[in-house]
Amino acid sequence: MNAPALYQELESHLRQGATGRALDIARQIAAAGGTVPWMAIAKTCHERGDRAGEEEALSRRLREQRGDIGAISGLAELKRAQGDRRAAQNFYRLGLNTIAQLANVPPPLRSWAERAQAYIQEGITAYAAHLDDQMKAAGIDVAASSPRIREAFDLLTGRTPLYLQQPSMFFYPGLPHRAWYEREEFDWVPALEARTEAIAAELTALIDTPDDSFAPYVQAPPGRPAPNNPLLDDPSWGAAYLIKSGERQPLADLCPAAIDALSLAPQPVIESRSPMALFSRLKPGTHIKPHHGLLNTRLICHLPLIVPDGCGLRVGPETRAWQEGKLFIFDDSFEHEAWNRGTSDRTVLLFEIWRPEIPEEDRNVLTALFASIDRFEEDA
């Protein structure tokens with residue numbers, strides 16, 4: 001039978017709802033290299049209750065066109081109706097990822113995406129409950145297990161998303177997967193925190209002067225492309241540097257308590273880079289979008305000095321609220337964001353320290369390496 005005749009016969013069988021015969025003809029056309037209207041066949045199979053035929057037609061369409069959202073959504077709904085939760089979730093996720101790449105999402109797809117997200121969340125909840133029951137039946141209380149087991153369990157069940165160190169400039173391998181460090185882990189922290197009141201007084205004196213000591217934190221380096229950051233040249237995120245790129249700034253002379261406190265911390269000393277220390281100010285309504293730091297060889301420290309209600313910092317999956325006088329210590333190579341939803345400024349003393357797991361020998365090598373990187377253009 002020639003190709004036109006095959007197409008005519010296919011159309012005839014589809015009109016009659018003869019899905020089995022229509023699929024036979026469609027396979028012949030496909031084997032001969034012809035174009036098959038798989039979605040029309042899938043629609044007819046769905047209307048006739050031919051679930052096997054519907055799945056074949058949708059699957060064949062998806063093999064031909066990997067991003068066909070109609071085929072993806074059809075398979076998601078079919079697997080859901082069949083009670084195959086895992087397969088349905090996989091197709092729903094594929095559909096959501098496909099929709100996320102579209103420039104414009106029509107309303108029907110937005111509604112489908114909401115349905116998909118709700119189903120995926122239901123599956124996550126059911127899966128977690130199943131595993132909880134299974135572990136309890138085995139005599140294991142996950143909530144009482146080690147922190148690593150609890151985190152692994154939450155990652156497995158989808159209760160916690162996975163965040164990894166993703167520094168934008170330099171990666172030092174083999175470090176523990178930790179976004180947050182606790183104040184109690186560092187013996188120098190109590191003495192530094194004890195100086196909070198004096199440092200806050202110095203900050204208040206700066207604020208009360210006629211000249212604003214704060215400049216926009218995000219600025220374009222001279223002669224370089226401007227960073228793609230919505231806070232570029234925006235004073236909503238302000239910085240008043242005490243030490244910048246390893247160089248003491250004039251403001252340091254007005255803040256002896258802050259400089260004295262900083263001397264207690266194990267700050268890197270790297271030519272043209274470190275140490276660095278500044279008062280970081282967020283004005284009300286400011287949101288620092290999710291981003292990653294340059295290195296995973298350091299930890300960022302915040303000594304909160306002025307903290308209104310409505311402020312927060314998320315690092316990886318965990319969000320914390322600043323408390324005045326209590327140090328925050330985190331690895332900024334993890335995705336992080338910060339916001340001030342309060343009604344007044346939030347200001348912290350920000351500085352960096354070495355990651356404590358890096359041995360002294362490697363710190364010396366890294367110090368020389370980072371200095372060499374910065375000297376590359378000078379020597380070229």
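The values are calculated or read from the model by the stated rules, or taken from the named source; none is laboratory data. The model shown is predicted, which means the values in this text are computed figures rather than measured ones. Positions of Cβ are generated from backbone atoms using ideal geometry, with glycine treated the same way; all protein chains shown enter the neighbour counts. SASA here: full protein model, heavy atoms, side chains in, ligands and nucleic acids out. Shrake-Rupley method; radii C 1.70, N 1.55, O 1.52, S 1.80 Å.
Here are the numbers:
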quantity	calculated
Residue with peak Gaussian network fluctuation, the chain [Cα springs, cutoff 10 Å], from Ala126, Ala239, Ala258	Ala126
Segment 146-243: C-alpha gyration tensor shape, a/c 1.5 cut-off, then a/b vs b/c	oblate
Helical segments meeting 24 Å axial Cα length and Kyte-Doolittle -1.0 threshold in the chain (DSSP H)	107-137, 360-379
Amide H contacts of Gly312 (H built 1.01 Å from N, under 5 Å, at least 5 apart or other chain)	Trp339, Arg341
Within the accessible area of segment 256-380 (1.4 Å probe), percent carbon and sulfur	52
Long-range amide H partners of Val218 with built H, under 5 Å	Asp233, Asp234
Qualifying GluC sites (Glu not before Pro) in segment 255-345, DSSP loop, other Cβ atoms within 10 Å at most 12	none
Segment 36-158, accessible surface, carbon-and-sulfur percent (1.4 angstrom probe)	51
Distant-in-sequence amide H partners of Leu242 (H built 1.01 Å from N, under 5 Å)	Ala277, Leu278, Phe279
Partner lysines for Lys326 [C-alpha distance under 28 Å; skip if fewer than 8 residues away on the same chain]	Lys244, Lys283, Lys289
Chymotrypsin sites (Phe, Trp or Tyr not before Pro) lying in DSSP loop within segment 142-207, provided at most 12 other Cβ fall within 10 Å	none
Lysines whose Cα lies under 16 Å from that of Lys43, excluding same-chain neighbours fewer than 8 positions away	Lys79
Accessible area per residue in Å² at 1.4 Å probe, computed on the chain	53
Alpha-carbon centroids, segment 293-308 and segment 196-217: separation in whole Å	18
